[in-house]
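Student: One structure is given below, represented as structure tokens, and several questions about it will come after.
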Amino acid sequence: MAKRDKYTAPRNPQTYESAEAAVPTAEDRLKGIENWYESNKKILNGILLGALVLVAGYVGYNRFLKAPKNKKANDAVFMAQDYFANDSMKLALNGDGNNYGALKVADKYGSTDAGNLAHFYAGRALLGEGKYQEAIKELKDFDGKGTMPGTVALGCIGDAYMELNKPQEAISYYEKATSDANDIFLTPLYLERLGLVYETTGKADKAMAAFKRIKLEYAASAQARNADKYLSRLGDYSL
């Protein structure tokens, strides 16, 4: 059992029995990327679609002011963006027969900004298709440092590694995805994943630290509602 906070008298564990029964095990919560994505779809899509608005303006700027190759790349990625925004992942990935998918755009225009963004779309779509190793490659090829899509890419790499049963690699990427304390949307989202992976790998102290950080720093987040349940399951009743 994890060590309790020595400055706070623990509450009666029996009061948490119903809460512990209500929350799934760490293994259950980590099972299946698509199930997890569906439960957090509104948050992730809202963030990504917001990023797309910024990208659309940037694409418009590039379309008129940059080199012809960039213009072609921007035109090519437009339909992949549209399919991605509408959750049509297969079309976003492979195209529709008349328009390139993200894989083709990334391959043909990889040196352009649009080609770089196509790596992200391709990686996310491949993750949804269960092609985890390929997803990791595309997401690692995406240069999104300092942006919300960049944070999502790191989290998605962590998800792919979990599906490949490589929790240590997953932890590394979840830690990167939770490094921005000011990100009130994505940081608690991936802190929850990080804490669950810590728990399943026997790192109870680190799991508790992750869940406490959610509760203390992101109290308004959806993930904070489960923090007490996770902590009580680990034997910590100090919060």
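Student: Spin-label point model (7 Å from Cα, Cβ direction): what's the THR147 to ASP180 distance in nm?
Tutor: Reported label-point gap for THR147 and ASP180 is 1.1 nm.
Student: Let me know the Rg and Dmax you get for segment 66-137 when you use only its Cα atoms, in Å.
Tutor: Both quantities, over Cα of segment 66-137: 11.2, 36 Å.
Student: HN-Hα J couplings of segment 141-149 from phi, Karplus 6.51/-1.76/1.60, θ = phi - 60°, integer Hz, Gly and Pro as x?
Tutor: Along segment 141-149, the couplings run 6, 7, 9, x, 3, x, 10, 5, x Hz.
Student: From the cross-link list LYS104/LYS137; LYS166/LYS203; LYS108/LYS131; LYS145/LYS203; LYS140/LYS166, which pairs have alpha carbons spaced over 19 Å apart?
Tutor: Numbers: LYS104/LYS137 15 Å; LYS166/LYS203 15 Å; LYS108/LYS131 21 Å; LYS145/LYS203 28 Å; LYS140/LYS166 16 Å.
Violating the 19 Å Cα-Cα cut-off are LYS108/LYS131; LYS145/LYS203.
Student: I'd like the FRET efficiency for ASP82 and LYS131, computed as 1/(1 + (r/R0)^6) with the beta carbon distance as r and R0 of 25 Å, rounded to 0.05.
Tutor: Numbers: r = 22 Å, r/R0 = 0.88.
The value I calculate is 0.70.
Student: Please list, in order along segment 166-173, the HN-Hα scalar couplings obtained from phi with the Karplus expression 6.51 cos²θ - 1.76 cosθ + 1.60 (θ = phi - 60°), rounded to whole Hz, x for Gly and Pro.
Tutor: 10, x, 5, 5, 4, 4, 4, 7
Student: Kindly provide the GluC sites (Glu not before Pro) of segment 125-230 that DSSP labels as loop, not H, G, I, E or B, and whose Cβ sees at most 12 other Cβ atoms within 10 Å. Can you show the working numbers first?
Tutor: Details: sites: GLU129, GLU134, GLU138, GLU163, GLU169, GLU175, GLU192, GLU199, GLU217; in loops: GLU129.
Here no GluC sites (Glu not before Pro) fit, given the DSSP loop and packing criteria.
Student: Simple spin-label model, 7 Å along Cα-to-Cβ: ASP28 to GLU217 in nm?
Tutor: It works out to 2.8 nm between the two label points.
Student: Rounded to whole Hz and in sequence order, give me ³J(HN,Hα) for segment 213-225 from the Karplus expression 6.51 cos²θ - 1.76 cosθ + 1.60, θ = phi - 60°, writing x for Gly and Pro.
Tutor: These are the phi-based 3J(HN,Hα) values: 5, 4, 5, 7, 9, 9, 4, 8, 7, 4, 5, 5, 5 Hz.
No value in this document is a laboratory result; all are computed from the given coordinates. These numbers were taken from a predicted model, which means no experiment stands behind them. In this analysis, Cβ positions are derived from the backbone assuming ideal geometry, glycine residues included, and neighbour counts consider all displayed protein chains.
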